[in-house]
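Structure record follows, encoded as structure tokens.
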Amino acid sequence: MATKRRQLRGFDLKQMDGLAELIGVDEAGRGALAGPVVAGAVLVPRAFLDGRWAAINAGRINDSKQLTIAERDILWADFETLVAEGQIHATFGVADVHEIEQLNILGATKLAMRRALEGIYAPTAFEQTREPDLFASAEEIADYKPQASCKILVDGLKLKHFPYPHTGVVKGDARSLCIAMASIVAKVTRDRLMNDLDAQFPGYGFAQHKGYGTEEHREAVLHLGRCAQHRELFLRKLLAGRVDSAQIDFFGDGEL
């Protein structure tokens, strides 16, 4: 665990390179057959990475899929305390089934990530603008918006046509503390949304499998038919015995 603490914190500290903050971004629900895709974004200042909580607890944080429900819930409560104390900033963004159908899973995931990041900084905060000098007019000074003094790390490969400058980190949820924290925010948020959908659409088992293509889920679809929360394209291909790798795993080889 001590090695894991050093690895996660050490990676993030190296990424800062004189900056004041890092933002980690990750998603949950990309490969599911039903429900939304959710992105988490967590901003960590250098003071947090150097502080007591990160020093003691970084080893408890890992890719959210590797943690138990109880472990994720405990960490979520910790994050709420850290947010309330002003030590970190954590947000999430959601793209629903309609947006997945409209934009495809890649576009919808980018939308969810953008919405999560907008809870921290608007894209314009990252635009390069020249700082007014001594001879600048009052209007130029008033219009000046300094560039955000942080770096964005996104789990996976670099995204094309994304409004925020960022760095892609392959397997980032196992390498970066802020990405791993974002993965927990995304996973816990989506799991809770799926629990709500289970109550609205009984019989499919959403609370158990969270919309993924388990045998139980496939059998329920064959018996009950699809509901409004099923992703039609995913479901059609699954039931036809085919998998569209471009849809299911868009963080594969190559830049996006």
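The values are calculated or read from the model by the stated rules, or taken from the named source; none is laboratory data. Computed from a prediction, not measured in an experiment: that's the story for all the values here. Methodologically, a virtual Cβ is constructed for each residue, glycine included, from the backbone with ideal geometry; neighbour enumeration extends over all protein chains shown.
A quick yes/no check of all residues on (1) of a type in the set (Ser, Thr, Tyr); (2) touching a His at 6+ places or on another chain (Cβ under 8 Å); (3) at pLDDT below 95; (4) within 23 Å of ASN57 (Cβ to Cβ):
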| position | (1), (2), (3), (4) |
| --- | --- |
| ARG175 | no, no, yes, yes |
| ASP198 | no, no, no, no |
| PHE206 | no, no, no, no |
| HIS209 | no, yes, no, no |
| THR214 | yes, no, yes, no |
| ARG226 | no, no, yes, no |
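Residue check: is LEU33 within 27 Å of ASP198 (Cβ to Cβ), surrounded by fewer than 15 Cβ atoms within 10 Å (Cβ to Cβ) and either among the basic types (Lys, Arg) or over 17 Å from the mean Cα position of the chain (by Cα) (or both)?
No: the conditions fail for LEU33.
For ALA41, indicate whether it is under 22 Å from CYS150 (Cβ atoms) and either of a type in the set (Val, Ile, Thr) or at pLDDT below 95 (or both).
No; evaluated as a whole, the condition is false for this residue.
Name the one entry in VAL25, VAL97 that is at pLDDT 95 or above and touching a helix residue (DSSP H, G or I) at 6+ places or on another chain (Cβ under 7 Å).
Selected residue: VAL25, the only one of VAL25, VAL97 that is at pLDDT 95 or above and touching a helix residue (DSSP H, G or I) at 6+ places or on another chain (Cβ under 7 Å).
Can you work out which of the residues in the stretch 71-103 that are small (Gly, Ala, Ser) and not in a loop (DSSP other than H, G, I, E, B) is farthest from ARG60 (Cα to Cα)?
Here the residue is ALA95.
Output the residues belonging to the stretch 169-214 that are assigned to a helix (DSSP H, G or I), more than 25 Å from PHE11 (Cβ to Cβ) and in contact with an Asp or Glu (Cβ under 8 Å, 6 or more places away or on another chain).
The answer is PHE206, ALA207, GLN208, HIS209.
If I go through the stretch 84-123 residue by residue, how many of them are more than 14 Å from ILE23 (Cβ to Cβ) and either aliphatic (A, V, I, L, M) or touching a residue at least 12 places away in the same chain (Cβ under 8 Å) (or both)?
Total satisfying the criteria: 18.
Here's a check for you: in the stretch 52-94, which residue that is basic (Lys, Arg) and closer than 30 Å to LEU233 by Cβ is modelled with the lowest pLDDT?
LYS65
Here is a list of conditions, (1) touching a residue at least 12 places away in the same chain (Cβ under 8 Å); (2) under 19 Å from the mean Cα position of the chain (by Cα), and GLU80 meets all of them except one; can you say which number that is?
Going through (1) touching a residue at least 12 places away in the same chain (Cβ under 8 Å); (2) under 19 Å from the mean Cα position of the chain (by Cα) one by one, GLU80 breaks only (1).
Can you tell me which residue is farthest from GLN66 (Cα to Cα) among those in the stretch 148-168 that are more than 13 Å from the chain's Cα centre (by Cα) and outside any loop (DSSP other than H, G, I, E, B)?
CYS150
Could you grab me the full set of residues in the stretch 22-53 that are under 12 Å from MET181 (Cα atoms) and touching a Phe, Trp or Tyr at 6+ places or on another chain (Cβ under 6 Å)?
Once the filter is applied, which keeps residues that are under 12 Å from MET181 (Cα atoms) and touching a Phe, Trp or Tyr at 6+ places or on another chain (Cβ under 6 Å), the stretch 22-53 yields only GLY40.
Of all the residues that make up the stretch 18-62, how many are touching a Lys or Arg at 6+ places or on another chain (Cβ under 8 Å), in a loop (DSSP other than H, G, I, E, B) and closer than 22 Å to THR109 by Cα?
The total comes to 6.
Any chance the stretch 106-122 includes a residue that's at pLDDT 75 or above, over 17 Å from the mean Cα position of the chain (by Cα) and crowded, with 16+ Cβ neighbours inside 10 Å?
The answer is no; no qualifying residue exists.
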